1. Of the residues that sit in region 310-329 and are assigned to a loop (DSSP other than H, G, I, E, B), closer than 14 Å to His55 by Cβ and in contact (Cβ under 8 Å) with a residue 40 or more places away in the chain, which one is farthest from the chain's Cα centre (by Cα)?
2. Can you go through Asn280, Asn245 and tell me which one is closer than 21 Å to Leu339 by Cα, free of Cβ contacts under 8 Å to residues at least 60 places away in the same chain, not β-branched (Val, Ile, Thr) and not in a strand (DSSP E or B)?
3. If Thr230 passes every condition in (1) β-branched (Val, Ile, Thr); (2) surrounded by 18 or more Cβ atoms within 10 Å (Cβ to Cβ); (3) out of contact with any Pro (no Cβ under 9 Å at 6 or more places or on another chain) but one, which one does it miss?
4. Could you please find all residues in region 33-56 being under 25 Å from Ile85 (Cβ atoms) and in contact with a Ser or Thr (Cβ under 6 Å, 6 or more places away or on another chain)?
5. Any idea how many residues of region 61-97 are touching a Phe, Trp or Tyr at 6+ places or on another chain (Cβ under 9 Å), closer than 26 Å to Pro51 by Cβ and surrounded by fewer than 16 Cβ atoms within 10 Å (Cβ to Cβ)?
6. What about Ile216, is it within 17 Å of the chain's Cα centre (by Cα) and either farther than 26 Å from Phe134 by Cβ or surrounded by 14 or more Cβ atoms within 10 Å (Cβ to Cβ) (or both)?
7. Would you check which residues across region 112-128 are hydroxyl-bearing (Ser, Thr, Tyr), crowded, with 24+ Cβ neighbours inside 10 Å and part of a strand (DSSP E or B) and list them?
Amino acid sequence: MTRTLTILIYVLAFLTLPANAQSGFRVMSYNVENLFDTEDNPDKNDNDFLPSGNHHWTRGRYYHKLQQVAKVISAAGEWDTPALIALCEVENDSVLTHLLYQTPLKLQQYRYCMTHGSDIRGINSALLYQRDRFGYIGHKEHPVIFTHKKHKQTRNILHVWGKVITSDTLDVFVCHLPSRYGGEKESEADRFDAARTLRELCDSLLRIRTNPQILIMGDFNDTPENTSITQILAAEKITTRTEANKLYNLFADPHVLNHPGTHKYQGEWNQLDHIIVSGNLLDKNSTMHVAPGSNRIFIPPFLLTEDKTWHGKRPFRTYYGFKYEGGYSDHLPIITDFLLSLPDKDLN
């Protein structure tokens, strides 16, 4: 009853806007790199991130990391904090509670959903949402269905659905596909299976939703041209003509991005983080659609540092190897803006 009333309030508030009124709705995806607390989880291999571990992960370093993540989120909002934030590499409920209630983010009314998967190290994915801008309905996590390995352990895919102020239902997926550890080619079958699982979830929604609006965010550990994205997930580049029931990668065209990638490895930047949408979210006549030209990598100067090995700049990390730097992450965040509006006929 409370949830229904909350959603009704959103819709009534929007109906008071003048004809052709539009409201901004920013989303963000960020791999925060090893956001662990300092407590030992005996069921997971989190030993490196303990006070006695290889990284000497003290409470002081942990709370500094929380403040750093909060700083990035606040800065990415510019005039307003993002309505939705996909986070990769968060350990548990404890770190999200501390992030949302023991940093300046406590003023932003964020709530969260997260996975509790079988990853060996215990890292998970999460969605932060502002409850006055996203009317949470439900969430579910889905394990990756592996076809070539038994008992493979990786992060689950998070599915959260809710209503935005236009009364549209938005289905959000947060994913962190298996890493390239052991080699890109050697590990790609794992990402194929993860992308296949995600595609099946999307296909199910495309069949059952009257007006499917799908938003996928996360670290894919693959670039826009890799098979997992282009063929298995079938996320296409944006063209002049889009179709409602297809998926489109907002970060597939390097010519429209403001930076060569979100992650740097051995001197080479790669676009591993993506925001992907269903086609009707690109339709300017839709009550919710992507704001043209809004897709970008968030790169304020404080997120970068000198790359003394490969030259140029690199992400300012918490650790560089085992050396503590006190920075932010090995990934750069990405952001996209949506416009929410109601047609004239719905406002009269």
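Bear in mind that the values in this text are calculations on the coordinates, not laboratory data. Since this is a predicted model, take the numbers as computed values, not measurements. Cβ placement follows ideal geometry from the backbone for every residue including glycine, while neighbour counts extend to all protein chains displayed.
1. Per the stated criteria, the residue is Phe322.
2. The unique qualifying residue is Asn245.
3. (3)
4. Of everything in region 33-56, those that are under 25 Å from Ile85 (Cβ atoms) and in contact with a Ser or Thr (Cβ under 6 Å, 6 or more places away or on another chain) turn out to be Glu33, Asp37.
5. Within region 61-97, residues that are touching a Phe, Trp or Tyr at 6+ places or on another chain (Cβ under 9 Å), closer than 26 Å to Pro51 by Cβ and surrounded by fewer than 16 Cβ atoms within 10 Å (Cβ to Cβ) number 2.
6. Criteria met by Ile216.
7. Ser125, the sole residue that qualifies.
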